[in-house]
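Accompanying notes for the structure given below.
What follows is calculated from the coordinates using simple rules that are stated; it is not laboratory data. These figures come from a predicted structure and were not determined experimentally. Because the Cβ atoms are built from the backbone with ideal geometry, glycine has one as well, and the counts that use them run over all protein chains shown.
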């Protein structure tokens, strides 16, 4: 926020001439390996795709589909797709490695995914977590058998501590944010995320032509939406659906960087309820993909996430109820903001919402903070 407490301006950026992102051919080959890896896991199941017809009608859309990641690998979030492939791929490339310790930093979901993936392979995991992380997310990581190290600071400091520990102790860092000198493993993680989209190839993403016109995706460091951008360009080229990337106003590192034309720190306070998106700096490689290949980047206040959580949990008409956490609901929050908030009218116009598009969103986590979900929605998480 500004010193006067007003939102930073601008709160969005429109990409007028999107272009093919870099390194898609290499990413495609890695994604093929990830697809095989995931199908070999006993826990693998495609996640549900919901149709939200009533909400689509309310928002003036031709259709609205939501892919619900709360059941992914029993982890209540999507991050296992990236962590599982990165760890399996590292082990496949180092067959003679002795006992291995994997490490990472997290606000919750990624760390739990690394801990679970390490446990599944018989490896040790050490996860660095900001000390303000809610207890439910810390406990979920510990239940996967990881050693949890609390860091007295935010996510970016936890990332620095994980990098330092890996260098000092010879551990293997499985971090989803690329930076100069650390780009290979984040690319593996991004390749794992392509499985999301490939699960939709029999429904929304057939080979000939996409069955959706617009995707709304949300960003922390940006690795996940960048993976989706790369997939769509690989599959459809310039005929791909339009893509909007959403992040919290108080952690707008992707938007800040796109506006600056280089990696830049978020302009906000780094205090947002969307904890999984509360990142001060973007992944450098993800930034390249998003700034080249998306259509719009926007930053929204937290109240839109609250509204999205409540709307998904308490649907109308025949829409199914979706239990989405604060970060998981961010794509729907961004869609609500661009339709209902006049401040985002230029985004809506750029994405041609007046043409009643077919829209796809993802809920990337369930109620990973049950107490927080209950406070927002007004009732306990359904058992």
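Given a Förster distance of 41 angstrom, what is the FRET efficiency for residue 94 paired with residue 314, based on the Cβ-Cβ distance and rounded to 0.05? Could the numbers behind the result be given before it?
On the way: r = 49 Å, r/R0 = 1.19.
Using R0 = 41 Å, I get an efficiency of 0.25.
Rounded to the nearest 0.05, what FRET efficiency do residue 209 and residue 340 give with R0 = 25 Å and r taken as the Cβ-Cβ distance? Could you check?
Details: r = 30 Å, r/R0 = 1.19.
It comes out at approximately 0.25.
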Cα-based helix-to-principal-axis angle, 109-120 vs the chain, degrees rounded to 10: 40 degrees
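First check a/c for region 37-152, with a ≥ b ≥ c the square roots of the eigenvalues of its C-alpha gyration tensor; if it is under 1.5, answer rounded, and if not, answer prolate when a/b is larger than b/c or oblate otherwise. Could the numbers behind the result be given before it?
Values: a/c = 3.10, a/b = 1.61, b/c = 1.93.
In terms of gyration-tensor shape, oblate.
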Distance from region 259-302 to region 83-107 (C-alpha centre basis), Å: 27 Å
Computed [θ] at 222 nm, helices only, for the chain once each DSSP H run of length n ≥ 4 contributes -39500 (n - 2.57): -12500 deg cm²/dmol
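Over the chain, what is the relative contact order in whole percent, taking alpha-carbon pairs under 8 Å and six or more residues apart?
Working: 829 pairs, mean separation 83.6, N = 383.
Once normalised by length, the contact order is 22 percent.
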Backbone N under 19 Å from the residue 303 label point (7 Å along Cα→Cβ), restricted to region 356-383: 375-378
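Based on the Cα atoms of region 161-259, what semi-axes does the equivalent ellipsoid have, where each is the square root of 5 times one gyration tensor eigenvalue, given in whole Å with the largest first?
Values: eigenvalues 174, 61, 20 Å².
Equivalent ellipsoid semi-axes, largest first: 30, 17, 10 Å.
Which order results if 79, 67 are arranged by neighbouring Cβ count within 10 Å, fewest first?
Details: 79 30, 67 22.
Ordered by Cβ neighbours within 10 Å, fewest first: 67, 79.
Of 279, 179, 253, how do they rank once you tally other Cβ atoms within 10 Å and put the fewest first?
Values: 279 28, 179 17, 253 31.
Going from least to most buried by this count: 179, 279, 253.
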Extension gain from residue 28 to residue 262, taking 0.36 nm per residue of separation minus the Cα-Cα distance: 81.7 nm
Identified option (computed P(r) over Cα pairs in 20 Å bins from 0, in percent; candidates (1) 20, 30, 21, 19, 9, 2, 0; (2) 31, 62, 7; (3) 21, 48, 28, 3, 0): (2)
Antiparallel %, DSSP beta bridges [both residues in the chain], to 5: 20 percent
Separation of the residue 271 and residue 202 label points, Cα + 7 Å toward Cβ, nm: 4.9 nm
Net lengthening on full extension, residue 383/residue 352 (0.36 nm per residue, minus Cα-Cα): 7.2 nm
Kirkwood-based shape ratio for region 225-383, expressed as Rg/Rh from alpha carbons: 0.97
Label-point separation in nm, residue 16 to residue 321, each point 7 Å along Cα→Cβ: 4.8 nm
Using alpha-carbon coordinates, inclination of helix 330-340 to the longest axis of the chain, degrees: 20 degrees
Pairwise centroid distance, computed over Cα atoms, of region 232-247 with region 128-172, Å: 33 Å
Residues 295, 176 arranged by fewest to most Cβ contacts within 10 Å: 295, 176
Inter-centroid distance (Cα atoms) of region 329-383 relative to region 174-205, Å: 23 Å
